[in-house]
1. Based on alpha-carbon atoms only, what is the radius of gyration of the stretch A:256-299 relative to the globular estimate 2.2 N^0.38 Å?
2. What is the mean number of Cβ atoms from other protein chains located within 10 Å of the Cβ atom of each residue in peptide B:453-464, rounded to a whole number?
3. Taking the Cα centre of chain B as origin and charging only Cβ (+1 Lys, Arg; -1 Asp, Glu), how large is the dipole, in debye to the nearest 20?
4. So what's the Cα pair-distance distribution over the stretch A:321-387, bin width 5 Å, in %?
5. How far apart, in nm, are two points set 7 Å out from the Cα along the Cα-to-Cβ line at residue A:430 and at residue A:360?
6. What fraction, in whole percent, of alpha-carbon pairs in the stretch B:41-90 exceed 17 Å separation?
7. Angle check, please: helix A:39-52 long axis (alpha carbons) against the longest principal axis of chain A (alpha carbons), in degrees 0 to 90, nearest 10.
8. Tabulate in residue order the Karplus-calculated ³J(HN,Hα) for the stretch B:84-99, using 6.51 cos²θ - 1.76 cosθ + 1.60 with θ = phi - 60°, rounded to whole Hz; enter x for Gly and Pro.
Amino acid sequence: MIERLRGIVGDAGVRTGEAAARWAVHGVVPAAVVVPGSVEEAAAVLALASAEGWRVEPAGAGTWLGWGRAPGRVDLVLSTARLAGVEAYEPEDLTAVVGAGLTLGELEGRLTRHGQWLPLDPPRGGAGTVGAAVSLAEAGPLRLAHGTPRDHVLGLTLVTGDGRVLELGGRVVKNVAGFDLVKLVIGSRGTLGLVCRVAVRLRPLPERDTTLVVPAAGAQAAVDAAAAVRAARIEPAALELISPPAAELTGVAPGAWAVVVRLQGNAEAVADAEARVGQVVGGGVQALGADRAQELWAALGEREAEAALLARLADWPSALADTLTTALELPGAAVAWPLLAHAGSGIVRAAVSGDAYSDAAAETWAAALSSARARLEARGGTVLGARLPPAVVAAGLDPFGDPGPALRLMQGLRKEFDPAGILAAGRFVV
Amino acid sequence: MSDPSRTERVAGEGAGTAARLDAALVAELRRIVGPDGVITDPAALLVYESDGLTAYRVRPSAVVLPRGTAQVAAVVRRLAGAGVPFVPRGAGTGLSGGALALEGAVVVSLARMDRILSIDPENRRARVEPGVVNARLGRAAAAYGLTYAPDPSSQAACTIGGNVAENAGGPHCLKYGVTSNHVTGLTVVLPDGEVVELGGGGGETVGYDLVGLFVGSEGMFGVATEIEVRLVPEPEAVETLLAIFDRVDDASRAVSAIIAEGFLPAALEMADQATIRAVEESVYAGGFPTDAAAALVVEFDGPRAGLVREAERAAEVCRREGAREVRRARDEAERQRFWNARKKSFGALGRLAPDLLVQDAVVPRSKLPAVLARIYELAAEHRLRVANVFHAGDGNLHPCILFDRRDADEVARVAQASKEMMRACVEAGGTITGEHGVGYDKREYMELVFSDATLEAMCGVRRVFDPRGLANPGKVFPVRVCREWVGPATQFEPAGAVAGARREAGLGGGTAA
């Protein structure tokens, strides 16, 4: 196997032994990590893997391998780390075409010089790759104003499980030619193919970007402050609600909650919005300097990225108080580990840190999250296990929930793109 | 795409069809939707023989008008049982022949499903039936200070269901995004009659994003019977500029400059001299100087604070790029006059020539000056009149060729020029359709932008939803591509011989774009 892979990608493109162990998926160590240097090499690897029935885990920088269920077997991790170039960037068009292995941080560096950005801030920050954000449909607080990857991606190159190279979508900002397979691939978690290249729509950097912190005595006070901002039509770029212990990162007193409001736009509009936030929440608002704000957003993302267990509880924004109440019933919530909520989108993340979780309590966690899921699903909400320790999954928690009768379609689609069933087998849409 | 001289009568009618749609099946359909819910009278079917692209016509074997998801499911199940294909249809304002009932298809009209099921102002969502007219949803949302953002120019007539099928755009999509950015959930009747819920509700996507996949599937994955959409707040303020240019090139460079310099207009539209003159000679005259080579409408919306300064900075860019005059609308009435040059332009152009052919290509914004110049060049080479009125900020061109279908030589030049224009757009890095859809009209252009492997993958996706190819057969794919597609031989009727042939070959009712 190794020799044949080297024949395709060269010696530098195959890592084995200790170098491969670092890429273990839920503790399952791959026989090799393959890092193709071109789309054609990736296609040849996948065609061979399909023919041989080798199980493949698509990956980028390897920072998000712990999603979903543990795979039964991993023969190869296939990484886009060497597909990391900026292939086309026309600042006048506000579009860019990049290798999927380019990190969001590197991309940001290229764009900032031209006064542009990709307004996407998933928890892993700049270290994660564009391809991973797309494959996992990861977004962060900025989703409120700017949306999720489905709102940013114009086109992509996908290598299917059996090695076909598909150019999906396009490079222009508006395109309805053919079916929108780009949307299908976004969030498909590598089960339809390896995303090798991504065309994105960019935005001009806002003239002013201000972050405000509003302290709140407790969960209800925080919900009320966020609701007041929403009702006042202030239209922030992000509206986050942070429980202790992470609220301390914002500078509020220990034990307090915080509402963090990010405002973007022209100078007058942001100044006006800032004043209105002060009016509707009734004082105590602290504006952060630019550096301090950047640190805070990075630190909050880090809390999620570093969590041993990360679950997302989602329902309508108007139901935020109920969703929070449900989340607060999880063991140790807001005391041992923080809740972070996208208040404008109704999504509460339970970011359980390593010191607050142990496999000994796996069954307790599985039961608690299952019961939270039952409560939310009864109202049309969801609970997704963004990252679950294998023991919690083993204790009976399905990371993703049940898509209902549409599952039949999803399974059919998976088979169209990965007929041999080698991609992320058993982990998603099973 | 097709020979524009002819109203094309597409095979699919006649004896073979009648055998499939027998009296017993019609009776069963009547039992499901009521006696007045099935149309088979040939005269009454005339209304359904084309969409807004009236160059193609085919009479459906019947039209069924169900009410509610259960009736749609029962109708589709029954048709599937008999192996009869079907075409979902909204208001029939589409511009790609997507609603043509090929292969003896029955039209499933969603006209009677026009209820706004709910509006949830707090969560900014609405749930509607597919027959709800776009502008009506906008008006209903306005009661809560909200609006539905996608605004195709046909919004007074077109339906949300049709918008979902085509992934419709509109002038304000520049800032707000197209239909797929605003649809959050769907109830879908699959081509075998099964009902599935995709997305919707307050939760996150579970499994694949089938909502995103379904939007823009041109009726080939089934029938959307309920649609959940995002509503957005009505902007606090709007500032609208009209910039007049003596050279088209200056106007298109101004467009590129506005985008490149970091403005985010709500809309950025362009009209050239031919368009301006047509409008000024019509009842929609807005006081535009008819000697101008081009006009831009630049609109900003959002918080009141700072908006005037932003508009003034954009006006400065226009002047720097050579605008001879930039006006800022003083009130809503003046704003509407600025917009008339854009919104009523297709109707006004219809006065200038018996026939129009409109395209929908998209190019990278920085390529606008070059591509636009190439389009005028091609028109001159082929001795044709072309008018350009389009979504400049998105790079979404609508070159509009004026011609007379009775002039066979001119018609041949139109066909050649339009092919070369499309090629120029694709070669500049663009695509063949930005908002009208592929439908029947642009199928053969698909190979300009997609490889065989990609087209075959799209067919594979279609087979998952519709293994028997019963939902809107004969659309989107070039004839040779999909295995399931056994296209009928297209029959042409001699030019001029078609009863009721309308003058707008390639364009319907002035509601385009």
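Values quoted throughout were computed directly from the atomic coordinates according to the rules given, and no laboratory measurement underlies them. Please read all numbers here as calculations on a predicted model, not as lab measurements. FYI the Cβ positions are ideal-geometry reconstructions off the backbone, even for glycines, and counts take in every protein chain you see.
1. Working: Rg = 11.2 Å, N = 44, 2.2 N^0.38 = 9.3 Å.
In units of the globular-protein estimate, the stretch A:256-299 measures up at 1.21.
2. On the way: counts 5, 9, 2, 3, 12, 6, 2, 8, 10, 2, 2, 9.
Mean partner-chain Cβ count within 10 Å for B:453-464: 6.
3. Details: 58 positive and 67 negative charges, 107 e Å.
Charge dipole, chain B, about its Cα centre: 520 debye, nearest 20.
4. P(r) over the stretch A:321-387, rounded to whole percents: 3, 16, 29, 30, 15, 6, 1, 0.
5. Simple spin-label model gives 2.8 nm for this pair.
6. Values: 521 of 1225 pairs.
Counting pairs separated by more than 17 Å, the tail of P(r) holds 43 percent.
7. Once rounded, the angle reads 70 degrees.
8. 9, x, 9, 10, x, 9, x, 8, x, 9, x, 10, 10, x, x, 9
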